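Remarks on the structure that follows.
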Amino acid sequence: MMRQYREAKAACGDALLLFRMGDFYELFHDDARTAARLLGLALTSRDKGENATPMAGFPHHQLESYLGKLVSLGVRVAICEQMEDPRLAKGLVKREVTRVVTPGTLTDDALLDPRESNYLAAVIGGGDKEQASVGLAWVELSTGRFHAAVFAREKLADQLARIDAAECLVDEQSELLPANRNGPLAGQASLPIRGAPVAADRNVCPAKTLYTRRPTWAFSLQTATQALTKQFGTATLEGFGFDNERDALALRAAGAILDYLAETQKTSLAHLDRLLPYYTGTTLEIDESTRRSLEISRTMRDGRREGSLLAVLDRTTTAMGSRHLADWVANPLVNLTEIDERLDAVAELVADGRMADELREKLRGIYDIQRLLARITTGRASPRDLAHLGQTLSALPAVKAKMTGRNSVLLSRLEAEVDLCPEIRARLESALVDNCPLQSREGGMIRAGFNADLDNLHELAAGGKQWIARYQADESARTGISTLKVGFNKVFGYYIEVTHTHGHKIPENYTRKQTVKNAERYITPELKEYEERVLTADERSKELEYELFVQLRDFVAAHAKRLQATAHALAQLDVLAALADLARARNYCRPKLVEGPTLTIRDGRHPVLDSLMPEGSFVPNDTEAAADGLILLITGPNMAGKSTYIRQVALVSLLAQIGSFVPAKEATLGLCDRIFARVGASDELSRGQSTFMVEMTETARILNTATARSLVILDEIGRGTSTYDGVSLAWAVVEFLHDRIACRTLFATHYHELTDLAKTLGSVRNLNVAVREWEDQVVFLHKIIEGAADKSYGIHVARLAGVPREVNERAKQILAQLEQEHLGEDDRPKLARRGKTRRVGDLQLTLFAVEEHLVVKQLRELNVNELSPLAALQVLEQMQAELKSLQQ
């Protein structure tokens, strides 16, 4: 057995091997030590002393629980199963590694979040001629979605963030492979490597991604092309939109994925029936930093889905719809026709709320067809999976009926794509019982009347007890032994028991088999013959049921493409109905999308905060960005709502381009090709980057890649360095955005000096957050108004945050002293020109207003033309004396 274990261990490499032994999964040697540490299992040993073999294990029925824990830690797990019934095996039970489970290859419902896609990705860098490019492929094994594309190398981190893969394959010799756990991927990310279950920094790449080394040959173009064409049954890949020369890197990455799946799954991958190209120009580009800053799918604080934009939008009723919505949110559209098709569909569902509600109710009866099909085609489906598919098909006519006669192009198209698959439904309903078991080899799943041979076996197995009772009565009457009993045990099978009192009445055809206290046990030829038929009937019926189940599973798998198309249509219907439900519940409006750089929002709201706050408490705001004000500079105190305001504008634009209604009374939006958001600051110490370095890197990306069609959101640029440096950089950034890019920009800042840009740059407008003061108290109105703010109210905010009173009081004294030193009476009229004159203490300190020296003032007022040479020397002497006296 241990020789068999070593062979299995050699076949699965560095994966932890779960070795099935009877009712337990066992681990040995280093695997046992690792599992004991990670899972809290007891570490024992076979033998003692020098030959002791460390071992650990758990009952077979706890496999899913422990498997989930190991995979969540980034551990590869190989499962070695018993391939034959131990009762029938001659000698050692045959065992094989049936699959290797990794984070990117999960198909079990218990190990997957039904709302989220679980991608396996592969990345390969270009050679000498392709240094600037990378190939990226990604597949969701649980649904069969398979994509590939070639990207510019600097876009890799953004694409990995968009996909959010659970596992990524990397060529072991590629420069993209980190040299250690925290090595950089394309200079962009700190990544965990297989065998090192260390979470990556969510600020640079998906925290759950595990990076796995693969041999270089797995990424070869020849190997990839052969594997892909064989998988899809085609001579070339041109029919899928791929060219061997142009898309070589993408195909190499896709081939590496197929090779890995063949190695780990050891089963059919028939549900992977096509490879889809991904085109960046068809979707709105959102970089990694922006996804994080806007909290599109996960929050910045803890990386959770709850509290994100996606969580607010997700009112879907099916798991397929939830995943499809996430895909829409990750990939907003840029094609106006496609967006309007979605908006037309949502509008129709909003207008007919009753029909939409009924449709959503019908969709609740739909199971996850995509993941059911994945398990069916890979041979891992349970009888209950097939039953759930049958129940889903029985619910489709009602769904299709609700969609009949719709006006929108998209709804009509989706209704046509819903295939009722009547022959599949009929086969499943006639074959399976209503409450199917989970196990396929235990029987009890095939309905009576489906197969005559099976019915006969069931009748025989069920009728055995009746025959035995009748046989006992007949024998008791024939022999005159009133106490005669027919019993059963595993040693002798059926037997006749007669007490010693009636021993003289034993017939000649009785053969004695056992003596027990006060009785003898006998068998008869007739009893043994029937025993054989009865005992084997149950086993034969289970075998026949399993054969019928496999035939049924294969029948469904043969129609996988039809079912996948139906699943895709149902997922879209679910998303559209969910968006309509959200629009009606939250009073969203239909946005108007146009080609120009327009940005007009009336009473816009932040979709997440608006849903979390009490009804009606969120303060809506208008936004207007046009040719005379493409750049909006927003000033005002912390906690007043600047960041919320600029974020909500970005989220409203994003929502519009996925085809959703938006939280506003009215919105006219120009299509964006990219959305950039630089919000917040964080150190990346593992890469030796400070807050300011991160800030400048992200700002540089915006300035280098934004276009006139982009939407840029900037919050507090320059605050990570000294004040003078920060103001200078922020000033220069605004000028660059204005003069070189001319895109819609919302720039929130505490640098009030920047408000002077509105005087020299024609497309800059000043906005500020309204504040009211009352008896040394500050009330934030959260309303955006025209004009520039003149105070930051930092000390008031500190008080609200709980800073001790003595600190606040001392801060007031220091502020008053600084203001008095920098703002004299002569300066007040000059600074007050931004607004009406206030007290000196009310004025925001300006870095560009330096208190004028007395000597400088005298020089300015001096009329040189009226001075003789002697008088000029006297004045100069006087000024020199004044300077010396001041220095003393």
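The values are calculated or read from the model by the stated rules, or taken from the named source; none is laboratory data. Bear in mind the structure is a predicted one, so any value in this text is a computation, not a measurement. Methodologically, a virtual Cβ is constructed for each residue, glycine included, from the backbone with ideal geometry; neighbour enumeration extends over all protein chains shown. Just the protein is used for accessible areas: all its heavy atoms, side chains included, with ligands, DNA and RNA removed. Shrake-Rupley method; radii C 1.70, N 1.55, O 1.52, S 1.80 Å.
I'd like to verify a number: residues in the stretch 500-537 that are in a helix (DSSP H, G or I) and among the aliphatic types (A, V, I, L, M), how many?
Looking only at the stretch 500-537, we keep the residues that are in a helix (DSSP H, G or I), and these are 500-505, 525-537.
From what's left, among the aliphatic types (A, V, I, L, M): 527, 534-535, 537.
Residues that pass the stated criteria total 4.
So which residues in the stretch 463-511 are among the polar types (S, T, N, Q) and either more than 17 Å from Lys528 (Cβ to Cβ) or modelled with pLDDT of 90 or more (or both)? Don't jump to the end; show me each part of the working.
Initial filter on the stretch 463-511 (among the polar types (S, T, N, Q)): 466, 472, 476, 479, 482-483, 489, 499, 501, 509, 511.
If the condition is that a residue be among the polar types (S, T, N, Q) and either more than 17 Å from Lys528 (Cβ to Cβ) or modelled with pLDDT of 90 or more (or both), then Gln466, Gln472, Ser476, Thr479, Ser482, Thr483, Thr499, Thr501, Asn509, Thr511 are the ones that fit.
Does the stretch 751-765 contain at least one residue that is within 37 Å of the chain's Cα centre (by Cα) and within 29 Å of Ala700 (Cα to Cα)?
No, because not a single residue in the stretch 751-765 is within 37 Å of the chain's Cα centre (by Cα) and within 29 Å of Ala700 (Cα to Cα).
Can you name the residue in the stretch 28-54 that is under 35 Å from the mean Cα position of the chain (by Cα) and charged (D, E, K, R) and is also surrounded by the most Cβ atoms within 10 Å (Cβ to Cβ) among such residues?
Asp31
Within the bounds of the stretch 441-448, is there any residue that is part of a helix (DSSP H, G or I), without any contact (Cβ under 8 Å) to a residue 12 or more places away in the chain and among the aliphatic types (A, V, I, L, M)?
For the stretch 441-448, residues part of a helix (DSSP H, G or I), without any contact (Cβ under 8 Å) to a residue 12 or more places away in the chain and among the aliphatic types (A, V, I, L, M): absent.
Where the second residue is in a loop (DSSP other than H, G, I, E, B) and modelled with pLDDT of 90 or more and the first is within 16 Å of Phe219 (Cα to Cα) and hydrophobic (A, V, I, L, M, F, W, C) and lies in the stretch 236-255, which pairs have Cβ atoms under 8 Å and are six or more apart or on separate chains?
Ala250/Phe242; Leu251/Leu237; Leu251/Phe242; Ala254/Leu275
Under 8 Å between Cβ atoms, which residue pairs at least 6 apart in sequence (or on different chains) link something in the stretch 337-354 that is more than 15 Å from Glu415 (Cα to Cα) and at pLDDT below 95 with a partner that is open to solvent by 20 Å² or more (accessible area, probe 1.4 Å) and assigned to a helix (DSSP H, G or I)?
Every condition considered, the pairs that remain are Gly353/Arg584.
For the stretch 716-767, what are the residues that are touching a helix residue (DSSP H, G or I) at 6+ places or on another chain (Cβ under 6 Å) and at positive phi?
Hit for the stretch 716-767 is Gly718, nothing else.
Evaluate the stretch 728-738: report whether one residue or more is free of Cβ contacts under 8 Å to residues at least 24 places away in the same chain, closer than 23 Å to Glu624 by Cβ and in a helix (DSSP H, G or I).
Looking through the stretch 728-738, none of the residues is free of Cβ contacts under 8 Å to residues at least 24 places away in the same chain, closer than 23 Å to Glu624 by Cβ and in a helix (DSSP H, G or I).
Please work out if Ala56 is under 23 Å from Leu261 (Cβ atoms) and free of Cβ contacts under 8 Å to residues at least 60 places away in the same chain.
Here the answer is no, as Ala56 does not meet what is asked.
For the stretch 370-383, indicate whether the set of residues that are buried (at least 17 other Cβ atoms within 10 Å of the Cβ), at negative phi, among the polar types (S, T, N, Q) and not in a helix (DSSP H, G or I) is non-empty.
Yes.
Taking the stretch 608-632 on its own, how many of its residues are closer than 16 Å to Val679 by Cβ and open to solvent by less than 40 Å² (accessible area, probe 1.4 Å)?
Counting residues in the stretch 608-632 that are closer than 16 Å to Val679 by Cβ and open to solvent by less than 40 Å² (accessible area, probe 1.4 Å) gives 2.
Against the condition touching a residue at least 24 places away in the same chain (Cβ under 8 Å), farther than 30 Å from Thr668 by Cα, open to solvent by 50 Å² or more (accessible area, probe 1.4 Å) and not in a loop (DSSP other than H, G, I, E, B), how does Leu781 come out, does it pass?
Numbers: touching a residue at least 24 places away in the same chain (Cβ under 8 Å): yes; farther than 30 Å from Thr668 by Cα: no; open to solvent by 50 Å² or more (accessible area, probe 1.4 Å): yes; not in a loop (DSSP other than H, G, I, E, B): yes.
So Leu781 does not fit the description; no.
Please state which of the following conditions Leu313 fails to meet, knowing it meets all the rest: (1) more than 13 Å from the chain's Cα centre (by Cα); (2) open to solvent by 10 Å² or more (accessible area, probe 1.4 Å).
Evaluating Leu313 over (1) more than 13 Å from the chain's Cα centre (by Cα); (2) open to solvent by 10 Å² or more (accessible area, probe 1.4 Å) leaves (2) as the failure.
List the number of the failed condition for Ala166; all other conditions in (1) at pLDDT 80 or above; (2) open to solvent by 40 Å² or more (accessible area, probe 1.4 Å); (3) of a type in the set (A, V, I, L, M, F, W, C) hold.
(2)
I'd like the full set of residues that are under 18 Å from Gln131 (Cα atoms) and assigned to a helix (DSSP H, G or I), limited to the stretch 236-259.
Passing the criteria: Ala248, Leu249, Ala250, Leu251, Arg252, Ala253.
If Glu497 satisfies every condition in (1) over 60 Å from the mean Cα position of the chain (by Cα); (2) not in a strand (DSSP E or B) but one, which is the exception?
So the condition that Glu497 fails would be (2).
Pull out all pairs, ordered by first then second residue, where Cβ-Cβ is under 7 Å, the residues are six or more apart or on different chains, the first lies in the stretch 570-583 and is farther than 15 Å from Pro607 by Cα, and the second is among the aromatic types (Phe, Trp, Tyr).
Matching pairs, first to second residue: Val575/Trp328.
Among the residues of the stretch 105-129, how many are of a type in the set (A, V, I, L, M), within 19 Å of Ala256 (Cβ to Cβ) and either open to solvent by 10 Å² or more (accessible area, probe 1.4 Å) or part of a loop (DSSP other than H, G, I, E, B) (or both)?
1
A quick yes/no check of all residues on (1) in contact with a Ser or Thr (Cβ under 7 Å, 6 or more places away or on another chain); (2) of a type in the set (D, E, K, R); (3) modelled with pLDDT of 90 or more:
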position	(1), (2), (3)
Glu50	no, yes, no
Thr53	yes, no, no
His61	no, no, no
Tyr66	no, no, yes
Glu81	yes, yes, yes
Pro86	no, no, no
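Yes/no per residue for (1) under 23 Å from Pro591 (Cβ atoms); (2) among the aliphatic types (A, V, I, L, M); (3) open to solvent by 20 Å² or more (accessible area, probe 1.4 Å):
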position: Tyr278; (1), (2), (3): no, no, yes
position: Leu284; (1), (2), (3): yes, yes, no
position: Ser289; (1), (2), (3): no, no, no
position: Arg298; (1), (2), (3): no, no, yes
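Checking Ser65 against (1) in contact with a His (Cβ under 7 Å, 6 or more places away or on another chain); (2) over 22 Å from Met1 (Cβ atoms), only one condition comes out false. Which one?
Going through the list (1) in contact with a His (Cβ under 7 Å, 6 or more places away or on another chain); (2) over 22 Å from Met1 (Cβ atoms), Ser65 breaks only (1).
Exactly one of these conditions fails for Glu417: (1) open to solvent by 40 Å² or more (accessible area, probe 1.4 Å); (2) within 30 Å of Val100 (Cα to Cα); (3) not aliphatic (A, V, I, L, M). Give me its number.
(2)
Go through (1) of a type outside the set (Phe, Trp, Tyr); (2) assigned to a loop (DSSP other than H, G, I, E, B); (3) over 23 Å from the mean Cα position of the chain (by Cα) and name the single condition Glu338 misses.
Going through the list (1) of a type outside the set (Phe, Trp, Tyr); (2) assigned to a loop (DSSP other than H, G, I, E, B); (3) over 23 Å from the mean Cα position of the chain (by Cα), Glu338 breaks only (2).
Suppose we keep only residues that are of a type in the set (Ser, Thr, Tyr) and within 13 Å of Lys513 (Cβ to Cβ) within the stretch 480-498. Which one would you say is surrounded by the fewest Cβ atoms within 10 Å (Cβ to Cβ)?
Looking at residues that are of a type in the set (Ser, Thr, Tyr) and within 13 Å of Lys513 (Cβ to Cβ), I get Tyr494.
I'd like the residue in the stretch 426-478 that is of a type in the set (Asp, Glu) and under 11 Å from Ser541 (Cα atoms) and, out of all such residues, is surrounded by the most Cβ atoms within 10 Å (Cβ to Cβ).
The residue in question is Asp455.
How many residues are in a strand (DSSP E or B), within 16 Å of the chain's Cα centre (by Cα) and either of a type in the set (D, E, K, R) or surrounded by fewer than 24 Cβ atoms within 10 Å (Cβ to Cβ) (or both) if we restrict to the stretch 130-163?
2
If only one of Val93, Val71 is surrounded by 21 or more Cβ atoms within 10 Å (Cβ to Cβ) and either among the aliphatic types (A, V, I, L, M) or in a helix (DSSP H, G or I) (or both), which one is it? Steps first, please.
Numbers: Val93 fails: surrounded by 21 or more Cβ atoms within 10 Å (Cβ to Cβ).
So the residue among Val93, Val71 that is surrounded by 21 or more Cβ atoms within 10 Å (Cβ to Cβ) and either among the aliphatic types (A, V, I, L, M) or in a helix (DSSP H, G or I) (or both) is Val71.
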